[in-house]
Each structure stands twice: as structure tokens, then as C-alpha cells.
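One structure is given here, and the rest of the page talks about it.
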Amino acid sequence: MAFLEIHEVHKSYGHNEVLKGVSLNVERHEVVCLIGASGSGKSTLLRCVNALEEISSGDIRIDGDTVSGAGVDLNALRRDVGIVFQSYNLFPHMSVLENVTLGPTRIEGLPKKEARERAMALLESVGMAEKAQAYPDNLSGGQQQRVAIVRALAMQPRVMLLDEITAALDPELVGDVLEIVRKLAEGGLTMLLATHEMGFAKEVASQVCFLDKGSICERGSAQDIFENPREERTQQFLSRVVKSGRL
Amino acid sequence: MTASELVSEEIQPGPAPSRPRPVTPLAAGGLLFSVVGIGLMVWAASQLRDYNHGALAATVVGAVLVVVSLYPLWPILRSFAAARERGALLRDDKLVLARRASAAGREEAQIAMGYAAAIVIVAGLLLVAFANSGGIAQTFFTSSAWRQSFPQMIRAFWTNIWVSAVAQVLVLAFGLLLAIMRMLPGRAGAPLRLIALVYCDIFRAIPAIVTILLIVFGIPLAFPTTAHWPPVWLGILALTMTYSAYVAEVYRAGLSSIHPSQSAAARSLGLSYTQTLRTVLVPQAIRRVIPPLLNDFISLQKDTALLSTAAIAEVVLTSKLWEAQLFNLSPVTLAAAFFIIITLPQARFVDYLIDRDARRRGH
């Protein structure tokens with residue numbers, strides 16, 4: 001039994017079926033990369049896992065417990081499942097430190113002092129400690145994204161979902177953010193990430209899934225997918241990526 | 001005909017160098033306008049002095065106004081100097097310098113005209129005030145009437161101030177409650193959403209003065225136990241009920257202007273719907289709606305005057321009593337002045353809040 005099990009998940013917006021029966025297992029300490037064109041359903045799948053979107057049918061289980069459908073304590077689920085968004089989504093009216101301590105103090109009920117210590121340690125580890133009092137609008141995109149990662153980590157999630165977290169960054173800022181993710185992967189954090197950074201996926205992924213039009217077209221080790229794609233659609237997608245210079 | 005032929009020398013000759021535009025006519029116009037302004041101001045000052053029977057203060061004010069009205073002569077002088085310079089430079093064939101002198105001279109003439117226009121307006125207003133042997137001044141600005149009524153007026157105005165302050169606090173709370181009711185999610189929230197919607201529709205439709213009459217006169221009749229409640233509190237209730245409906249709309253606009261990604265980020269941390277509202281959505285919404293909120297508050301402040309119809313002794317009622325006693329509208333003008341004086345700092349205060357918020361967020 002895998003740690004995160006996604007079983008036959010369907011998701012429709014009206015008549016538009018975005019996910020057409022996706023099944024995927026993520027083991028503990030595994031890093032699974034979702035690749036695929038825009039609109040292939042990567043983001044939607046991630047948003048379904050922590051219930052920001054309701055699934056139309058299927059089943060999502062964490063540690064054997066079903067976390068989709070009615071009656072699930074979503075707030076508890078989301079404490080276990082952290083997500084980082086493409087557009088950072090920091091709270092602009094709070095300082096960096098307040099952004100990071102909001103979850104631990106409000107949800108875990110951690111005393112302010114301990115929450116600050118935890119936050120400062122995490123900010124230190126991503127090189128953002130000296131910006132603790134700054135407001136998000138004063139930070140670069142890369143800095144904001146590092147804070148957003150820390151904000152999610154501060155809840156000590158058991159699995160992290162990363163939704164194209166470098167897609168909105170200037171090219172020279174991508175490296176800093178990916179370096180953090182690399183460290184998290186080495187530290188054994190279970191992660192499910194959607195990405196356009198093929199080189200990075202190749203390097204950290206224990207499993208790569210190629211999504212096409214709402215279903216998983218091909219999956220395998222990074223080597224299998226990038227070196228020896230079997231499916232024609234995967235080959236086409238990768239050749240387009242190569243042409244655009246991203247692999 | 002090909003494209004290159006279109007732009008050939010013969011069809012499109014090179015542009016002629018632009019000539020400096022003339023300065024003297026503009027300067028002369030400015031001079032004429034300034035002289036008219038000065039003349040009007042001298043006339044207005046003499047009227048001011050005559051009306052006050054040659055009192056020293058009026059003479060001094062008049063003199064200052066006349067001196068100020070002389071100001072446009074200075075740029076006019078420089079404009080004429082520039083006109084002369086332009087002519088000299090043109091004779092020397094220094095086209096570029098002549099153009100610059102011309103531009104500077106024309107600008108000076110225009111500055112003079114701008115000031116002269118303001119002087120004509122001020123002098124004109126003064127002359128209107130003293131026309132009809134001081135009819136306007138007498139009706140609206142009789143200083144003896146101000147002196148007589150001032151002590152009572154300022155005490156009455158205190159009522160307007162605290163009534164609006166209390167009502168504003170209540171409106172802030174009740175309006176937010178209504179706004180949140182209107183945004184409750186799901187089928188469970190539907191009945192409350194409907195109630196809030198109906199409330200806002202009804203109380204925005206009823207003129208404030210009607211609500212005030214119904215509440216202040218009606219509540220004591222309907223509930224005899226409230227008969228000896230001070231009517232001013234019922235007035236506050238009526239104003240709160242009316243303005244909450246408006247403010248709820250302002251809040252709602254603020255809340256719905258916040259991008260859904262903020263809500264998603266908060267929920268993804270595990271915050272509940274209520275926690276998300278309280279820590280993420282409402283604080284951001286309030287910052288955004290401060291200017292429109294303050295507009296509504298200024299409006300509320302002015303509408304405290306409507307309490308006069310319910311025989312509550314606020315400043316407008318008091319001014320009307322004085323008006324009846326003195327057969328003079330100056331006390332009412334005084335009430336207007338009071339409202340102006342307390343409104344202006346509030347407008348500046350909002351500007352300050354907006355600036356501070358922008359600075360803190362680094363804009």
C-alpha cells in the first residue's frame with residue numbers, strides 16, 4: 001500500500017472533463033514529477049489531492065485513509081499535505097515572518113515564540129532570514145517563492161505538492177528555488193510536483209508521469225521517460241521541449 | 001508608383017525649419033488681462049472697505065488683496081523681455097536660441113494669464129458678495145450673528161460629532177456582518193444570504209430621512225417602555241440601519257476583489273473558512289475599501305443634519321432656531337463651516353493611511 005494513492009480520479013468542470021481517470025501511487029520519500037503540456041491536468045490533479053478542487057469520482061487515499069469525498073476533515077488533511085503555487089500567493093498584508101507563522105500559530109496552536117523559532121530556522125535554511133520583517137511586495141519572485149515553500153514547510157507536511165513553482169520566475173532565479181527542492185528531496189520529503197523544468201525532473205524524480213489530455217499517458221523512471229519514451233505522444237512532447245531548448 | 005518613389009525628395013520635400021512663434025501678442029493679451037484683474041480687485045477692495053465703514057482690518061485685507069493682484073505683472077515683464085530677445089536673436093539668424101526665447105516668453109505670458117484669471121474670479125466673487133449694497137454678505141456672513149450664535153452652535157455641533165462617531169463604529173461592525181452574511185457559502189447559507197440581500201435592498205431604497213422619522217417617532221409609540229429613551233439614540237439607530245446597507249456593499253466589493261488564490265493559499269495551510277476570512281480576506285479587503293468607506297462616513301456625518309427633522313437638538317436645528325430669531329441666515333452658514341472644518345482633516349487622514357500602506361508594501 002503506497003503512502004499516497006490516487007485511484008481512477010475524474011474531474012469535470014461542467015462538460016469539460018479535465019481529469020479522465022488518473023491513477024498514481026506515491027511511496028514514502030518518493031519524488032514524483034508530472035510533466036505534460038499546459039492544460040494536460042497537472043495542476044488540477046495537485047489541487048485535487050489537497051481538496052482545493054472537489055473530484056467528480058474516484059478515490060484519493062493517504063496512508064490508507066480516504067481523503068476525498070464528503071465528510072473528510074479537510075483542514076486536517078491540508079495540514080498533512082502542503083502545496084506551493086506557481087504564483088506564490090503570499091499574503092501581501094503580512095510580513096514574511098507573519099506569513100510563515102500564521103499556520104503554526106492558528107492551526108497547531110503553537111506558542112508565538114516557538115512558531116517564530118521554527119519559522120526563523122526554516123527561513124535561515126533558504127537564505128531568507130534577514131528578510132523576515134519584509135513584506136512580500138518588496139521581494140523578488142524567487143525570494144517570494146522561497147518564502148512560500150517555507151510557509152508550507154512550517155506546517156511540517158507529510159507530503160508536498162509543488163505546482164510549477166518556477167514557471168513564473170525569471171530564469172536566473174529558478175536555480176535558487178530548485179536548489180531548495182533538491183535539498184528537500186535529499187532529506188526524504190515525499191513530493192508530487194508538476195514542472196516544466198525537464199532537466200530538474202530528470203535529476204530528482206524517482207518516477208516521472210507524462211500527462212496528456214487529462215490522463216497519464218506514460219510513466220516510468222526518469223531515464224525511461226526521457227531517454228526511451230515508448231508512447232508516440234510522449235516522444236512528440238519531448239521533441240517539442242528539446243526544440244524549445246528546455247531539455 | 002513604388003514605395004521608395006513615394007518618399008522621394010520631389011514629392012516630399014524636407015521640412016522647413018520651424019519658425020519661433022510670436023510672443024508680443026500673447027504678452028500684450030496677458031498684460032490686458034492682468035490690468036483688468038487689478039482693476040476689479042481695486043474695486044472689490046474699496047467695496048470691502050466701504051461695507052465695513054473703513055475698519056482697519058477690512059482696509060488691510062483689501063490692501064493685501066490688491067498687492068497680491070499685482071503679481072502677474074512680473075511674468076508679463078519677463079515675457080516682454082523674452083519678446084525683445086527673440087527679435088534680436090532672429091536678426092542674428094540664431095534660430096534655435098530664438099525658438100527657446102519664444103517658448104520661454106510664451107510660457108511666462110501664459111503663467112500671467114493663469115494668475116490673472118484666478119484674480120478676476122476672486123475679485124468677481126467679492127464684488128458679487130458686496131453687490132446690492134452688501135446683500136450677500138449681510139445674508140450669509142454677518143459676523144455679529146456668528147458671535148451671538150456661536151456658543152450654542154458649537155455645543156449643538158458636538159452632538160453631530162459624537163452621533164456620527166458612534167454610528168460609524170456601529171456601521172463598521174454591522175455592515176461587515178451583513179457583507180459576510182451575503183457571502184456565506186453553500187445551501188446552508190442561502191437563507192441568510194437572502195435576508196442580507198433583502199435588508200440591503202430595502203434600506204438603500206428608503207431615504208434616510210424616512211427611516212429617521214419612522215424610527216425616532218415610531219419606536220417609542222410601538223414600545224412604550226422605550227418612551228423615555230433619549231431620541232438621539234434612536235437617531236443613531238436609524239443612521240446605523242441606513243448606512244450599514246451601503247457599507248455592506250462596499251465591504252462586499254472589497255472582499256470579492258481579492259483574488260481567489262489568496263483564499264486557496266489560506267485554505268491549503270489548513271485554515272478554516274472563518275479563519276481565512278478573519279486573517280486573510282477581511283484585513284486585505286478593509287485596506288482596499290478605506291477610501292470608499294470614508295466617503296460613506298463623510299456622507300453619514302452630513303446626514304446627522306437630518307436628525308433635525310426628528311427634533312433632535314443638533315447643529316442644523318439650532319441654526320434654524322437662530323435664523324428665525326435673527327432673521328438672518330449666517331448661523332446656517334456657520335453650521336456649513338463646521339461641517340467643512342471636520343470633513344477636511346478626514347480626507348487628508350485617509351490619504352495618509354493609503355500612503356502609509358503603500359510605503360509599507362514598498363510602492
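The values are calculated or read from the model by the stated rules, or taken from the named source; none is laboratory data. Bear in mind the structure is a predicted one, so any value in this text is a computation, not a measurement. Counting neighbours? That spans all protein chains shown, and the Cβs are built from the backbone with ideal geometry, glycine included.
Within the range B:322-349, being farther than 18 Å from residue B:168 by Cα and hydroxyl-bearing (Ser, Thr, Tyr) holds for B:330, B:333. For the range B:123-138, the criterion of a residue being closer than 30 Å to residue B:23 by Cβ and touching a Gly at 6+ places or on another chain (Cβ under 9 Å) is satisfied by at least one position. When B:354, B:312 are checked against the criterion of being assigned by TED's automatic domain parsing to the domain that holds residue B:165, crowded, with 19+ Cβ neighbours inside 10 Å and modelled with pLDDT under 90, a single residue qualifies: B:312. Summed over the range A:132-173, the residues that are among the small types (Gly, Ala, Ser), more than 11 Å from chain B (Cβ to nearest Cβ) and either touching a helix residue (DSSP H, G or I) at 6+ places or on another chain (Cβ under 8 Å) or on the phi > 0 side of the Ramachandran plot (or both) give a count of 5. Any residue that is away from every other protein chain (no Cβ under 13 Å), buried (at least 23 other Cβ atoms within 10 Å of the Cβ) and not aliphatic (A, V, I, L, M) - is there at least one of those in the range A:76-92? The answer is no, given that none of the residues of the range A:76-92 is away from every other protein chain (no Cβ under 13 Å), buried (at least 23 other Cβ atoms within 10 Å of the Cβ) and not aliphatic (A, V, I, L, M).
Which residue out of B:239, B:269 is modelled with pLDDT of 95 or more and surrounded by 16 or more Cβ atoms within 10 Å (Cβ to Cβ)?
Just a single option satisfies the conditions, and that option is B:239.
Remark: residue A:129 falls outside the filter, which requires a residue to be within 13 Å of chain B (Cβ to nearest Cβ), of a type outside the set (S, T, N, Q) and surrounded by fewer than 18 Cβ atoms within 10 Å (Cβ to Cβ).
Please specify each residue of the range A:14-64 satisfying the condition of being within 14 Å of chain B (Cβ to nearest Cβ) and in a loop (DSSP other than H, G, I, E, B). Passing the criteria: A:50, A:51, A:52, A:53, A:54.
A quick yes/no check of all residues on (1) crowded, with 19+ Cβ neighbours inside 10 Å; (2) part of a helix (DSSP H, G or I); (3) within 25 Å of the chain's Cα centre (by Cα):
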{"site": "B:148", "(1), (2), (3)": "no, yes, no"}
{"site": "B:163", "(1), (2), (3)": "yes, yes, yes"}
{"site": "B:173", "(1), (2), (3)": "no, yes, no"}
{"site": "B:185", "(1), (2), (3)": "no, no, no"}
{"site": "B:188", "(1), (2), (3)": "no, no, no"}
{"site": "B:210", "(1), (2), (3)": "no, yes, no"}
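Checked against the criteria, residue B:301 counts as more than 29 Å from residue A:137 (Cβ to Cβ) and not assigned by TED's automatic domain parsing to the domain that holds residue B:134. Only one of the numbered conditions (1) without any contact (Cβ under 8 Å) to a residue 24 or more places away in the chain; (2) crowded, with 21+ Cβ neighbours inside 10 Å is violated by residue B:101, and that is (1).
Report yes if residue B:242 is within 29 Å of the chain's Cα centre (by Cα), more than 30 Å from residue A:163 (Cα to Cα) and in a helix (DSSP H, G or I), otherwise no. Judged against the criteria, residue B:242 is a match. Given the structure, is residue A:60 crowded, with 18+ Cβ neighbours inside 10 Å, touching a Ser or Thr at 6+ places or on another chain (Cβ under 6 Å), of a type in the set (A, V, I, L, M) and within 16 Å of residue B:261 (Cα to Cα)? So residue A:60 does not fit the description; no. Could you say whether any residue in the range B:214-228 is within 25 Å of residue B:282 (Cα to Cα), modelled with pLDDT under 95 and in a helix (DSSP H, G or I)? The answer is no, given that none of the residues of the range B:214-228 is within 25 Å of residue B:282 (Cα to Cα), modelled with pLDDT under 95 and in a helix (DSSP H, G or I). Hey, residue A:110 hits all of (1) touching a residue at least 12 places away in the same chain (Cβ under 8 Å); (2) within 14 Å of chain B (Cβ to nearest Cβ) but one; which does it fall short on? Only one criterion in (1) touching a residue at least 12 places away in the same chain (Cβ under 8 Å); (2) within 14 Å of chain B (Cβ to nearest Cβ) is unmet by residue A:110, namely (1).
Residues in the range B:251-278 that are under 15 Å from residue B:185 (Cβ atoms), among the small types (Gly, Ala, Ser) and more than 8 Å from chain A (Cβ to nearest Cβ): B:256, B:263. The range A:132-235 holds helices (runs of 4 or more DSSP H) entirely within its bounds, and those carrying 1 or more residues that are in contact with an Asp or Glu (Cβ under 6 Å, 6 or more places away or on another chain) map to A:141-153.
Of the listed requirements (1) surrounded by fewer than 21 Cβ atoms within 10 Å (Cβ to Cβ); (2) small (Gly, Ala, Ser); (3) under 16 Å from the mean Cα position of the chain (by Cα); (4) farther than 19 Å from residue A:153 by Cα, residue A:39 misses just one: (3). Does the range B:71-92 hold any residues that are more than 11 Å from residue B:31 (Cα to Cα), over 30 Å from the mean Cα position of the chain (by Cα) and of a type outside the set (Lys, Arg), and which are they? Scanning the range B:71-92 gives B:81, B:82, B:83, B:85, B:87, B:88, B:89, B:90, B:92.
Residues in the range B:222-254 that are in contact with a Lys or Arg (Cβ under 9 Å, 6 or more places away or on another chain) and among the hydrophobic types (A, V, I, L, M, F, W, C): B:245, B:248, B:253.
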